[in-house]
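Please read the structure below before turning to the comments.
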Amino acid sequence: MDLAIIGVSVLWLFLFGYIIIASIDFGAGFFSAYSELANTKHVLHHIIQRYLSPLWEVTNVFLVFFFVGMVGFFPSSAYYYGTILLVPISISIILLAIRGSYYAFQTYGAKDSKAYIFLYGVAGLLIPASLSIVLTISEGGFVEIVGDNPKLLYGELFFSPLTWSIVILSVVSVLYISATFLTAYADVAEDFAAREVLRKYALAWSGPTILSAGLIIWQLRQHNYDHFTNIMNIWWVFGLSTIFFVITVYLLWKRKFFSMAFWSLIIQFGLAFFGYGVSHYPYLLYPYLTIYDGFTNDAMAQALIIAFIAGFALLVPSILLLARLFLFNRTYVKGEEKRRY
Amino acid sequence: MEYDPVFFSRTLTGLTLAFHILYATIGVGVPLMIAITQWIGIKKNDEHYILLARRWTRGFVITVAVGVVTGTAIGLQLSLLWPNFMELAGHVISLPLFMETFAFFFEAIFLGIYLYTWDRFENQKKHMLLLIPVAIGASFSAFFITMVNAFMNTPQGFDIVNGALVNVDPIAAMFNPATPTKVAHVLTTAYMTSAFVLASIAAFHLFKGRDHIYHKKALYLMMKVGLIFSIATVIVGDFSGKFLAEYQPEKLAAAEWHFETEEAAPLVLFGWLDDEGEIRGAIEIPYALSILAHGDPTAEVTGLNEFPEEDHPPYIVHYFFDLMVAIGMWLTFISAFYWLAVRRKWKVIKNKVFNFVLVLSGPLSMIAIEMGWFYAEFGRQPWILRGFMRTPEGATSAAYVDTMLWLFAGLYLVLGTASIVVLIRMFKKNPVEKELADHANERGER
């Protein structure tokens, strides 16, 4: 296997990590805001706060990893994507900034303001929507090279049905992933009232998730036939993914093995996400940039991979410690211990 | 005016950095202060120090949040505003950028654990140990990021043959000649600034007439730590002068308005340039520039006129440099004076005006940080990568950079105001006197 493929796989893995962890976070924020405004705060607030509190900072780092790694492994992507993404990503940054800082302001500054909570909840859905634009752009057709410089075609992008299908998928899957995770989390906490509410959310968002995913594949057929053909060549990956989707929904429906339902969801999204990634190969930006013409020199690639392995060896035990203390610690999850910070 | 993406890219980057650096400096320095204070509290078995550490941590979380989101902003803006530069730099210097993320990740994880486990440990010492990875992570973040900035000043670790990058050596790029002094300077000043900011808060309470021993302990400890790091900063500053004289003589010469190469060069403080380009109204310290540059009062210092005019940094950096140095010197003096005054029990420490002067140390040290970075960045102009790429060549060609500038200016205004309001409210609502009384009650009940 060559270094470019190792590099892109590592980055794709980080992006997958970000998508799962951030989805849980964004969705939790939305449900929390929704329950606040719908006056069902007492049921959900506690369980969501216990999960979010120690983890909010960690989420962002996955995203930073992805784009820093992108510039490291594929410096040309900094040139192409840096130039065309100025407006969409600036909007994402502003939303991320508002959401991230207001979480801290509100939790630690201890002031409950409905306006903040509303902003926080809505920002959580707008962020995935704005970030998902990058995937749309990577499909090609929205960039034109003027002189030497790439330019984003805002009109084409805005009026493309593909853009909106991907936006819809990003939003509904955030809600689906988050609700499923929180159902399992509430089950561990033995907070059955919260679990029932979240389970209903999870089931409600499962249908839209699978439908919008199908819609995207169908639209790719019109938009980027090469990519569509590649997807069809590995149709079995997406088929497997659908099977795991059915397993998750079945378990949720039957109120059985909630944790397993969540792991099955991870596998479902993992298969679809890597299937999508593989079928996108070799393009980073269709048709201008492939992973090979954008790749860094061998010395840097090796250094990055070594740094990555060393860093991973440092992080994995730390993450496990964090998870042991806050995610898989029944006393903490149930909130039985005294808490003062 | 015609739309000029280069101008707006520079302004937006400058704005983001100027805002981010305030929070980043606190983020690097304060964990060490919390660790020192908590450790003293455990050693002396003094609950005042423990409470200090606790209260600082609560405030720290707010500043970290702003630091994280603005750090994400600058991380992305590097590619969004300087795509041509990042394409080149990505080939050579992305390794420390990548490692910075790991360092920050490490810090974030342990900070989260530290925050939520104050009462989980029977043994306070074990809880304090969690701060070590936080402080290490924070300092290593600064270490790696500063390396990238150092690389922009003295790039090495690659060759350009026929326009293509060859022989890339990421390690050589990281440990370029600017790295040692720059990293040392960033770290010592971050510790120094954090100590003075925390000292300012204590001095403010004393100035307001709150006479609790808690505030006196805080002020004395942070002034002492501030003094130690001020002295360290002076020493590092001296090395930085020698580094500049050897590797970036035009940057030093611009800071000093040193136009003609000469021996036994004087240090020029402030003043202004008249229409003929003559320096007016400046204070001259004889031999001082030669000492700063080469450690020898008679040594020859290269003047700015040796360089083509198009390579001159803007002359305004003279003021940035002088303000930074003047504030640094003042803070070293005032903290040394305060330390002596406490030891000798001079009456002046009870004086209101003197307390007010101490309150100014925090804001002053922040101004010095800003001036230092303004000097570092303006002083490197016209280059974005010295000797290889001029700033306009690195900038984006995209439209709407001006609109983004306004959006981000609004964002920073909101974040800056909100973080200050939240901090003030947080501590006003729960004053230390009340918290100490609560603790005493709790013990009484037991």
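Per-structure values
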item	result
Residue-level accessible surface for B:V166, protein heavy atoms, 1.4 Å, Å²	50
Calculated P(r) of segment B:1-152 - Cα pairs past 18 Å, %	61
Accessible area, probe 1.4 Å, largest first, for residues B:H91, B:H127	B:H91, B:H127
Whole-number percent relative contact order across chain B, with pairs defined as alpha carbons under 8 Å at least 6 apart	19
Relative contact order (%) - criterion: Cα under 8 Å, at least six apart; region: segment A:3-334	23
Accessible heavy-atom area order of B:H215, B:H205, highest first, probe of 1.4 Å	B:H205, B:H215
Average beta carbon contacts from partner chains per residue of B:49-61, 10 Å cutoff	1
Accessible-area ranking of B:F239, B:F85, largest first, probe 1.4 Å	B:F239, B:F85
Per-selection Kirkwood Rh - the protein assembly as shown (Cα, Å, 1 d.p.)	28.2
Mean residue ellipticity (222 nm) of the protein assembly as shown, computed from DSSP H runs ≥ 4 via -39,500 (n - 2.57), nearest 500	-26000 deg cm²/dmol
Convex hull volume of segment A:118-273 per residue (C-alpha atoms, cubic angstrom)	127
Karplus-derived HN-Hα couplings along segment B:22-39 (A = 6.51, B = -1.76, C = 1.60, θ = phi - 60°), whole Hz, x at Gly and Pro	4, 6, 5, 4, 4, x, 7, x, 5, x, 5, 5, 5, 4, 4, 5, 5, 5
FRET efficiency estimate (nearest 0.05) - Cβ-Cβ, A:Y292 to B:D159, R0 25 angstrom	0.65
Cα-based helix-to-principal-axis angle, A:41-52 vs chain A, degrees rounded to 10	50
Most mobile listed residue (A:L215, A:L37, A:L152) in chain A, GNM with C-alpha springs under 10 Å	A:L37
Rounded accessible area of B:K429 (nearest 10 Å², 1.4 Å probe)	120
Segment B:1-134, relative contact order in percent, only Cα pairs under 8 angstrom and at least six apart counted	28
Label-to-label distance, nm, for residues given as B:Y315 and A:S9 (7 Å Cα→Cβ offset)	6.0
Value of Rg to Rh for chain B (Rh from inverse mean 1/r over Cα pairs, i.e. Kirkwood)	0.99
For B:W39, solvent-accessible area (1.4 Å; no DNA, RNA or ligand), Å²	130
Three principal axis lengths of segment B:304-446 [C-alpha, angstrom, descending]	72, 42, 26
Filter on B:K208/B:K350; B:K43/B:K347; B:K347/B:K428; B:K126/B:K216; B:K43/B:K216 - keep pairs with C-alpha separation over 22 Å	B:K43/B:K347; B:K347/B:K428; B:K126/B:K216
Local electrostatic count at B:Y3 - Lys and Arg +1, Asp and Glu -1, tallied over other residues with Cβ under 15 Å	-1
Distance cut-off 25 Å, percentage of C-alpha pairs in segment A:3-334 lying past it	54
Per residue accessible area in Å² of segment B:190-247, where ligands, DNA and RNA are left out and the probe is 1.4 Å	39
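The values are calculated or read from the model by the stated rules, or taken from the named source; none is laboratory data. Predicted model only: the values in this text are computed from it and were never measured. Cβ sites come from the backbone with ideal geometry, for glycine too, and all protein chains shown count toward neighbours. Just so you know, the surface numbers come from the protein's heavy atoms only, side chains and all, with ligands and any DNA or RNA stripped out. Shrake-Rupley method; radii C 1.70, N 1.55, O 1.52, S 1.80 Å.
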